[in-house]
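For reference, the structure is listed below as structure tokens.
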Number of protein chains: 4
Amino acid sequence: MSTDATPTYPTSLGTSTAEEIRLLGHDVAHDLMGSVGLGELALWLMTLERPDPSEVRLFEAVLVALADHGFTPTAIAARLTYLSAPDSLQGAVAAGLLGGGSRFLGVTEDCGRWLHAALEERGGDLPEDEDGWDALALAAVRRTREQGRYVPGLGHPVHKVRDPRTAALFRIAEDEGLLGPHLLLFEAVGRVHEQVLGRRLPLNGAGVCGAALADLGVPVDLLRGPALLARAAGLLGQLAEERRRPIGMDAYLAVDRAAVYVDPSA
Amino acid sequence: MSTDATPTYPTSLGTSTAEEIRLLGHDVAHDLMGSVGLGELALWLMTLERPDPSEVRLFEAVLVALADHGFTPTAIAARLTYLSAPDSLQGAVAAGLLGGGSRFLGVTEDCGRWLHAALEERGGDLPEDEDGWDALALAAVRRTREQGRYVPGLGHPVHKVRDPRTAALFRIAEDEGLLGPHLLLFEAVGRVHEQVLGRRLPLNGAGVCGAALADLGVPVDLLRGPALLARAAGLLGQLAEERRRPIGMDAYLAVDRAAVYVDPSA
Amino acid sequence: MSTDATPTYPTSLGTSTAEEIRLLGHDVAHDLMGSVGLGELALWLMTLERPDPSEVRLFEAVLVALADHGFTPTAIAARLTYLSAPDSLQGAVAAGLLGGGSRFLGVTEDCGRWLHAALEERGGDLPEDEDGWDALALAAVRRTREQGRYVPGLGHPVHKVRDPRTAALFRIAEDEGLLGPHLLLFEAVGRVHEQVLGRRLPLNGAGVCGAALADLGVPVDLLRGPALLARAAGLLGQLAEERRRPIGMDAYLAVDRAAVYVDPSA
Amino acid sequence: MSTDATPTYPTSLGTSTAEEIRLLGHDVAHDLMGSVGLGELALWLMTLERPDPSEVRLFEAVLVALADHGFTPTAIAARLTYLSAPDSLQGAVAAGLLGGGSRFLGVTEDCGRWLHAALEERGGDLPEDEDGWDALALAAVRRTREQGRYVPGLGHPVHKVRDPRTAALFRIAEDEGLLGPHLLLFEAVGRVHEQVLGRRLPLNGAGVCGAALADLGVPVDLLRGPALLARAAGLLGQLAEERRRPIGMDAYLAVDRAAVYVDPSA
């Protein structure tokens, strides 16, 4: 923007005239409504490339895997917010999404980013066979541990042996011909990490989702995005249930009644 | 909850064991991933009834219609939040959704609620033909105007003659055999309102979406919910674009540089 | 804004030049920092009139009364959000404030608004003595009950006989010569409501805060504002404690472990 | 929490009985309301030590310095959210606070954290005179630059020569006998950085606030907290002004009308 001129604001997304509403250069009413699903549209909006049906199927599978995990901290936070402010559904959804940070929803992002960095370091040249992927994975896991950091996407507090979403997502990706470099590298991490860590951990569902999203072309800085979209759907389910069969008041009272005062100087 | 016992928390949504993750009583990895889309899952979570393919198509069309409308206040708010706090994608999405209130995203809810109330007042007995729907619509529009209130879903600041989404959604609903009472009543409002208001206004897209959602079984208190889900996808598009081709800084500076101090006592 | 000219944006708040930062027309560094407290500044920003020390004392007392009520739903929501996203303190504070809606923080607003409406109906002419205030209160309580609505500010789930904040705030207002029409009318409601409701309820703390804020000139549409500001301070305390002595994980696990699956068709 | 027992939730903050409301072990109605201001309470809640009047004055000066900076991205985001959802004041405040992240409000945290780390590295042993502080500052600035990182708290886009808040805050701290190690080190950074950076930059207001907060005992992980509290007050001023003299619609239309469609494949 030059300071002496009125700025203009470039966009490739929604525009409209009196007659027509366009999105990504397409006529929303004629070309998109009825033909495109929300998942497909979301991926398209993030990558600016229209996904093909295989990519849509893989992407929707990721979204379904991430949508709801029951009484998570974010689901409870959304329900408690709805209890306090039932007039503002958007506030309850927003409160739930605000938990989508480094710790609970962050594994998807961290894992995609870690895989991406490992591939970047190698440049464009990819391994040709399983041994090659294993060697790349082993080097990346070693380097990460030497830096005193965790390898993201390994282990799960509940699914200690195997996370059922992992096999499902690999199978769908394979069916659709979409086993890209991030998924292949993640699979190799599953084979080799025991050599470095000294114990076998399952590849977790959040991690494999990050790998798949990176293969689908979602920019690494936005990997948290699809998790937030998926969670928005899950939160609507949680809030619909809170309306039908509330638990927020009980959950709040259970904490409040078990409060124990501790002297602040203790 | 009895006060002397540990509370339990009933839910029909996500549960998991070491071996399995379930959602709505189905195995997520085997029955849902790869078979169900996010839109379908969201509707199912809100209504607790698995939608059939026709219902999914109509619901996805509503979501696509509501996903992105370009540089809306909520899109700009999300971009400005991302500019200030790029480390927290969830905060930028949440800020955008917080504009999903009475004024901009509210028409969908207001319209569905208005149609629902008009049908409720009549009890279960629905009109049998177009004349019957027209009479019902006319009575409802009259009553609303006599109460000094607006009829929601009529008129649009840009699409002054016709909103292209309206015809598209009616066509899809008709194709799928899903012209339910809310859509039929809304269509009748389109035919008769001129008799009361003295001028012809288009049925707007947000309104027809509210009618369709109500026909799809979304509870009236949650009608804002699908709009929020759709908008979450749109906001990911806006934030992906802000990352690629930012406008937030220019939009902010355009306001800041044109600030004019006014004496507070003026 | 005319469409053919660059808009300008009037403001009486913050402006700055290379040399100086101004707020409300005052030099921030020389006139405000060190002389004005945040409470004083907040009231000034909302009313555009610089409060005198008596008004500041009453306003700060309201803020202190509303800052923290222990393990409220909003405090728990903020802690759960911090647990999930410890990298984003702003998200945890925002999540806590989003519960500041109609149900938990709303009494302050509802009560101030109710008192304001009762005074408005009467016009500028105020009662001259206690009997006059009682008559006005009685009429307003009667009318509200006849409309099937609740009188806000009466009763409290814990403080069933008296809310200790109520007497404290009336005492401070009296000391400072600030018993204005909203507080006087609220006091009269305390004396007369039993005649209509058939039982004696305490004037609650949230209600008396709403009355005091209205007397201090806070616009009725913004009465929720000071409660949000006060709560922001309380939430910082909650989050500081969550950091030192966390309860979020336990509160979450207590819900998750007591989850009981219910068939959705039940 | 043991898994076989009902958990208890320790807290030193708000508790209440039918007769009494306590906060930090004090009777809210008798000991706090009318005696303590919100700023004082906030600092107390974060540090668990009751601040003395000097500390309160310095803390309030920090809050006033950070409360409002006019049409910032966060202020505009809050106004646009209020425009879209005027029914939810809490949503507009929350949206504004969500911009309190790494880029705009983050300098306060970054600077306090940087100073804290430099002092930590040295252990408990502090310099005895200005030369000692200068040596410590010089080493810290050098190390930071060698790591390719910025020294936080230096420079300002508008206040290129001096930030008027900096001198004001140093003066208040000196008046109150509160020039602690973080402020002394920051002052030394101001004297020595030119030797490393090759040009003279002003110590900015956000940075000096971070130094003062660290000296006041605010934990480094919560340094963003007071900035959020201060900003909550500023946002109430922005929203009060948006109600009186709105600019949100014009700001939105100025962007929307200057939108230029760009082919997504470009």
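Annotations for the structure displayed:
- Accessible area buried at the C-B interface, both sides summed, 1.4 Å probe (Å², nearest 100): 1800 Å²
- Solvent accessible area, Å² - D:Trp114, 1.4 Å probe, full protein context: 20 Å²
- Measuring spread by the Cα atoms of the stretch B:1-138 yields a radius of gyration and Dmax of 21.0, 60 Å.
- The figure for A:Phe104 is an accessible area of roughly 70 square angstrom, using a 1.4 Å probe on the protein chains alone.
- Net charge of neighbours whose Cβ lies under 14 Å from the Cβ of C:Ala232, counting Lys and Arg as +1 and Asp and Glu as -1: +3
- Residues A:Asp129, B:Asp27, ordered by accessible area of protein heavy atoms at a 1.4 angstrom probe radius and largest first, appear as A:Asp129, B:Asp27.
- Counting Cβ atoms of other protein chains within 10 Å of each Cβ in A:219-225 and taking the mean gives 4.
- Label-point spacing for C:Ala266 across the identical copies (point 7 Å from Cα in the Cβ direction), in nm and ascending order: 3.9, 5.8, 6.6.
- Neighbouring partner chain Cβ atoms per residue of D:167-178, average, 10 Å criterion: 2
- Long hydrophobic helices in chain A: the complete DSSP H runs spanning 18 Å or more by Cα along their own axis with mean Kyte-Doolittle hydropathy of at least -0.5 are A:53-66, A:181-197, A:224-244.
- Within chain A: Cβ-based charge dipole about Cα centre, in debye rounded to nearest 20 (Lys, Arg +1; Asp, Glu -1): 1280 debye
- Separation of the B:Asp250 and C:Leu197 label points, Cα + 7 Å toward Cβ, nm: 5.8 nm
- Anisotropy class of the stretch A:140-202 from Cα gyration tensor, a/c 1.5 cut: oblate
- Inter-copy separations for C:Pro53, label at 7 Å along Cα-Cβ, nm, ascending: 1.0, 7.9, 8.0
- Relative contact order, whole percent, for the stretch C:3-83 stands at 15, derived from Cα pairs under 8 Å and 6 or more residues apart.
- Principal axes of the protein assembly as shown: Cα extent on each, largest first, Å: 74, 72, 70
- Point-charge dipole on Cβ atoms (K/R +1, D/E -1) for the protein assembly as shown, about Cα centre, debye to 20: 0 debye
- The stretch C:26-147 - charge dipole about Cα centre, Lys and Arg +1 at Cβ, Asp and Glu -1, debye rounded to 20: 780 debye
- Exposure rank, largest accessible area first [C:Asp250, B:Asp131; 1.4 Å]: B:Asp131, C:Asp250
- Largest-first principal axis extents of the Cα set of the stretch A:61-137 (Å): 56, 20, 17
- Taking amide H atoms as placed 1.01 Å from N in the peptide plane, the amide H of A:Leu154 lies under 5 Å from those of A:Asn204, each 5 or more residues away in sequence or on another chain.
- log₁₀ of I(q)/I(0) at q = 0.18, 0.19, 0.23 Å⁻¹ - the stretch D:27-83, Debye sum with one point per alpha carbon: -0.73, -0.75, -0.87
- Ordered from highest to lowest accessible area with the whole protein assembly present and a 1.4 Å probe, D:His193, B:His156 read as B:His156, D:His193.
- Position B:Gln147, label points 7 Å along Cα→Cβ, spacing to each other copy in nm (shortest first, one decimal): 1.4, 6.1, 6.3
- With the convex hull drawn over the C-alpha atoms of the stretch C:154-266, the volume per residue is 210 Å³.
- Farthest toward the positive end of the dipole of the stretch D:106-222, out of D:Ala214, D:Val161, D:Gly180, is the Cα of D:Val161, where the dipole comes from beta carbon charges about the Cα centre.
- Percent accessible area from carbon and sulfur atoms, chain B, protein chains only, probe 1.4 Å: 48 percent
- Per-selection Kirkwood Rh - the stretch A:50-207 (Cα, Å, 1 d.p.): 17.3 Å
- Take each residue in A:45-53, count the other chain C-beta atoms within 10 Å of its C-beta, and the mean is 4.
- Efficiency of FRET between A:Asp221 and D:Arg171 - r from beta-carbon atoms, R0 30 angstrom, step 0.05: 0.10
- Peptides ranked, highest mean first, by Cβ atoms within 10 Å: ranges C:239-246, D:85-92: D:85-92, C:239-246
- Reference-scaled alpha-carbon Rg (2.2 N^0.38 Å with N residues) for chain B: 1.19
- Per-residue surface analysis assigns C:Thr6 an accessible area of about 100 Å², computed on protein heavy atoms at 1.4 Å probe radius.
- Normalised convex hull volume, the stretch B:119-161, alpha-carbon set, Å³ per residue: 98 Å³
The values are calculated or read from the model by the stated rules, or taken from the named source; none is laboratory data. Quick caveat, the model's predicted, so the values are computed rather than measured. Every residue, glycine as well, gets a Cβ built from its backbone with ideal geometry; the counts of neighbours run over all protein chains shown. Remember, those area values only see protein heavy atoms, side chains included, never the ligands or the DNA or RNA. Shrake-Rupley method; radii C 1.70, N 1.55, O 1.52, S 1.80 Å.
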